[in-house]
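Okay, structure first, notes after.
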């Protein structure tokens, strides 16, 4: 199937677009912020949003039917300088961004560095966060003394350290950047980003009531009597809703203006219809499928503008949301399936306009051009537990396939899903690597365990990569806080210090050479892990308190169930459900390491703890034989009961540690085991591990077995993962697999993909996604990126363009276990 | 797999019978085909008695995948029916576990063996490599008489049999042979044939065994050639399917 020509043009434009840094959003937001000093954070936000919506450029591209741009250029992420993460990148890595291809108008550059960044200096979320983390003793300073460098070089080797250094960065600048970047590091090498978000928008409420209805709700809530605090928020909601009308009205005017000078009659008619739609939505509820799609896009786009890029603002169950409109319009003859597909293709293309600039030192190098995942959830059961896969579900599959972009989409599968659905998604791998399969039974069970009603749990959507969250009823912050299981091992070996930072981050769990049993070692591991979790959740709570005190978002909040009723912004706890997250990375690496320690040090006694510790401390210098021996120990992913039981136990303990922690809004934390392609970056600061992994090498990905560990095929790997109680992992996990080469060349092969999915889900799996290109193709794409510009692979929970991933991630993907040709 | 009659066990096999299967490869073979892809499994070795439970444990580990796909256990090799007690052990255990069973056989075994396993086998994948007696002997070391008689026997007993022919360019893909093969199948009342195109992936095994490959120059059939073979067989009234495990 091929794209509608108008969409083909848009797709090409997207792929060929230059990347820009546009300062409109930052400039306008800052102006309003200046003028509202001392006002309530909800009000300040509303005023800022209105100022942005009224002042930023509006554009209508020559062939689009859906309108709503987020910046002055096609590809230019909205820069929310108030967060502080962008400032970090601009201050330290600006030349790198430019080298990567980001352009900036001279005037905008002068304004960014001369006015905007100075204004925000010292008053961003990030700067407050760094201050408060340091005040609470939660940071781990990066010691740059010669002795510290020597120790680090001894553990990591110069090659591994050199990889951390972006090319061409002069040393003083690099050191400055490293010191500044280290401020993100919580004791125990935990991560706590500046942003929250990772939220499913409440499109449902907007489609039902329009922003006029949400404004009326706010007014009605005030009329029922409220506190002063609540009044501030509700007034802000009212202002925000009206600002949305102002914004859409500008597109009405622009469409009319363009129509007036449009020579082509067909396009003129289209523009007039666009004007008609924008006059209606999102202020009023849509009356047609076209209006509904426009409403969704408008709200989605506006939300991203208000929050800034890099926030995982998620559209949710689009097939369910749009279905009533689709069904009605088809029945009345107002819509053809073909036209619906055209609109969905355009919507998918627009959802792919969103890119982020990673605000991490090394992150810019190792995973530049990440996609700001706007995860579309399709299929699955309805609130009654009945199959809700509908014609739109399949149309979206077509649209995703036709557009062949790095769309992040989640395909829900339940025992009630028709085989045609599972097979349809499996067949998508022949054209694109985008789809992820999600298991309703496991996800719903996890949601219910965390306190969702059964009806709300059944409506789950995937946020960010694969985190399940409610459909417009949750302030979830599903990503951004993380710890790494291999770090806990490093802390055991070094009695509470990490090899990279060298500070006393954790407790002294004793001299490991004095341990007499594997249980001793495992207990020490758990103790370090517990303290890591405690530190990182304390840090996240402190960060969240900053958002609650200073930066609200009444636009997103008023769409979320609970916020208007409670008269509270989502950052303060107004949503019906409130959670936060702690991710755990590198499980496979850690389990393989623990297994090697158990078998080689304590059972077979072939290696002493002392030998092992020394080898790990010097990146296996002169110890290649030992390194290979460690790598040959039993590993996770081979359907080995002993190893898998250990993995299940570690995950269960981790989930329990996490869910015992409370957030600042009175919710609980949920655990996730996801990497988002960062396993490469995360390994860069991790020394050699007892599974034979070298210092600085990538950690295992998500909850998948380590690269090369799987020796018994995909069913064995799935059996290993199925031994883990995945319904206890509240914010999900992901299993990434390479399919055997050529599997998709036959119908039988495609059916087999569906069988793997069904079998894994029946066994308790939660998520699986497949990379179905062969190593040769990927290697070729590395060498000739121009010829493979649209080659898509999954990098743990989201789709990315292979040729735009950093080389190290490309290498990691290629190294992902290739099963023998079937 | 030391001292085990099983020299390989492959999970997630999707070209060895219906659904997702686990293929168990048993040692020993009465033939010596020039194109053999599993040379490491041709010789019988001294085996211990307790080999079966571990094998069945690993087979049953994929039960869920068998259930959702209509798959099961496939016996291959070598010739899995060469030592009937071994095959019977695995097949009985499989049936006790209610697994679907498939046996890949060259047919050069006693009729009594086939009759013995028949009640436990859901599908025979029966190879017909060359129908000409002399050519068959030249290429495989044995004649066709017993093989053809066994084929007839299984069909007459109502067994579920899928006949397969490896497509070996220059050896069995000429029009004359295809015609004679079609005639032979018609004489059994069989109207379907599955083609398994030759491939070269296995050559590295000979290197590893320090043995010279016997057909180092033989190439996989090209797509046009394969299409011709299919058309030729179809012209003789056969329903032809092609095994998916061939390179494109």
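Just a few scattered comments:
- Helix B:223-235 vs. chain B, principal-axis angle (Cα, 0 to 90°, nearest 10): 80
- Using only alpha carbons, region A:83-154 has a radius of gyration to Kirkwood radius ratio (Rg to Rh) of 1.11.
- As a ratio to 2.2 N^0.38 Å, the alpha-carbon radius of gyration computed for chain B takes the value 0.98.
- Hydrodynamic radius by Kirkwood, which averages 1/r over all alpha carbon pairs of region A:372-413, in angstrom: 11.0
- Whole-angstrom gap from region A:64-90 to region A:695-730, using each part's C-alpha centre: 36
- Cβ-derived FRET efficiency at R0 35 Å, residue B:231 paired with residue B:149, nearest 0.05: 0.70
- q = 0.28, 0.29, 0.31 Å⁻¹, region A:194-242: log10 I(q)/I(0) [Debye, one scatterer per Cα]: -1.00, -1.02, -1.06
- Computed P(r) (all Cα pairs; chain A; 10 Å bins; percent): 3, 14, 25, 27, 20, 9, 3, 0, 0
- Length released on extending from residue A:419 to residue A:455, taking residue separation times 0.36 nm less the Cα-Cα span: 10.5 nm
- Ranking of A:244, A:178 by count of other Cβ atoms within 10 Å, fewest first: A:178, A:244
- Value of Rg/Rh across region A:170-285 [Cα atoms, Kirkwood radius]: 1.24
- Square roots of five times the Cα gyration tensor eigenvalues for region A:238-367, Å: 28, 19, 16
- Region A:250-291: proportion of alpha-carbon pairs further apart than 17 angstrom, %: 31
- Per residue, the convex hull around the alpha carbon atoms of region A:542-602 comes to 127 Å³.
- For region A:668-764, the Kirkwood radius over C-alpha pairs fed into Stokes-Einstein at 4 °C and 1.567 mPa s yields D = 86 µm² per second.
- Extending 7 Å from the Cα toward the beta-carbon at both residue A:284 and residue A:113 defines two label points whose distance is 5.0 nm.
- The C-alpha radius of gyration of region A:404-481, expressed as a fraction of 2.2 N^0.38 Å, stands at 1.19.
- A viscosity of 1.306 mPa s and a temperature of 10 °C, combined with the Kirkwood radius over C-alpha pairs in the Stokes-Einstein formula, give region A:440-597 a diffusion coefficient of 89 µm²/s.
- Inter-centroid distance (Cα atoms) of region A:104-167 relative to region A:654-680, Å: 25
- FRET efficiency, residue B:157 to residue A:391 (Cβ-Cβ, R0 41 Å, nearest 0.05): 0.25
- Between helix A:518-550 and chain A there is an angle of about 30 degrees, using the helix long axis and the longest principal axis of the Cα atoms.
- Between residue A:331 and residue A:807, full extension at 0.36 nm per residue minus the direct alpha carbon distance yields a gain of 166.3 nm.
- Debye intensity ratio I(q)/I(0), log10, region A:291-359, q values 0.22 Å⁻¹ (C-alpha model): -0.98
- Divide the volume of the convex hull around the Cα atoms of region B:82-158 by the residue count and you get 81 Å³ per residue.
- Neighbouring Cβ atoms from other chains, within 10 Å of the Cβ of residues in A:703-712, number 1 on average.
- Two-site label geometry, residue A:448 and residue B:239: point separation in nm, points 7 Å out along Cα→Cβ: 4.5
- The protein assembly as shown: calculated mean residue ellipticity at 222 nm from DSSP helix runs of at least 4, using -39500 (n - 2.57): -14500 deg cm²/dmol
- Scaled against the 2.2 N^0.38 Å expected of a compact globular protein of N residues, the Cα radius of gyration of region A:71-222 reads 1.40.
- Averaging over all projection directions, the Cα-based convex hull of region A:594-650 occupies 4.1 nm² in the image plane.
- Cut-off 20 Å (backbone N to label point 7 Å along Cα→Cβ of residue A:224), residues of region A:644-669: none
- Inter-label distance, nm, simple model (7 Å from Cα along the C-beta direction), residue A:173/residue B:95: 7.7
- Taking region B:71-105 and a reference point 7 angstrom along Cα→Cβ of residue B:194, the backbone N atoms nearer than 13 Å belong to B:71-76, B:101-105.
- Residue of B:154, B:188, B:82 that the Gaussian network model of chain B assigns the largest fluctuation, springs spanning Cα pairs under 10 Å: B:188
- Reduced Cα scattering model of region A:500-578, Debye log10 I(q)/I(0), q = 0.14, 0.17 Å⁻¹: -0.64, -0.74
- Between residue A:132 and residue A:16, residue separation times 0.36 nm minus the direct Cα-Cα distance comes to 37.5 nm.
- Angle between chain B longest axis and helix B:84-96 axis [Cα atoms, degrees, rounded to 10]: 70
- Mean per-residue shielding of peptide A:745-753 is 5, counting Cβ atoms of other chains within 10 Å of each Cβ.
- For residue A:34 and residue A:268, the FRET efficiency from 1/(1 + (r/R0)^6), where r spans their Cβ atoms and R0 equals 45 Å, is about 0.60.
- Semi-axes of the equivalent ellipsoid of region A:1-106 are 30, 20, 10 Å, computed as sqrt(5λ) over the eigenvalues of the C-alpha gyration tensor in descending order.
- More than 28 Å apart - percent of Cα-Cα pairs taken over region B:63-205: 22
- Measuring between their Cα centroids, region A:384-398 and region A:179-196 lie 40 Å from each other.
- Region B:1-140: mean projected area of Cα convex hull, nm²: 8.1
- Going from the residue with the fewest nearby Cβ atoms within 10 Å to the one with the most, A:222, A:313, A:305 rank A:222, A:305, A:313.
- Shape annotation for region B:2-68: C-alpha extents along the principal axes are 37, 30, 14 Å, from largest to smallest.
All of the numbers you see were taken from the coordinates with simple rules; none came from a lab. Quick caveat: nothing in here was measured; it's all calculated off a predicted structure. Every residue, glycine as well, gets a Cβ built from its backbone with ideal geometry; the counts of neighbours run over all protein chains shown.
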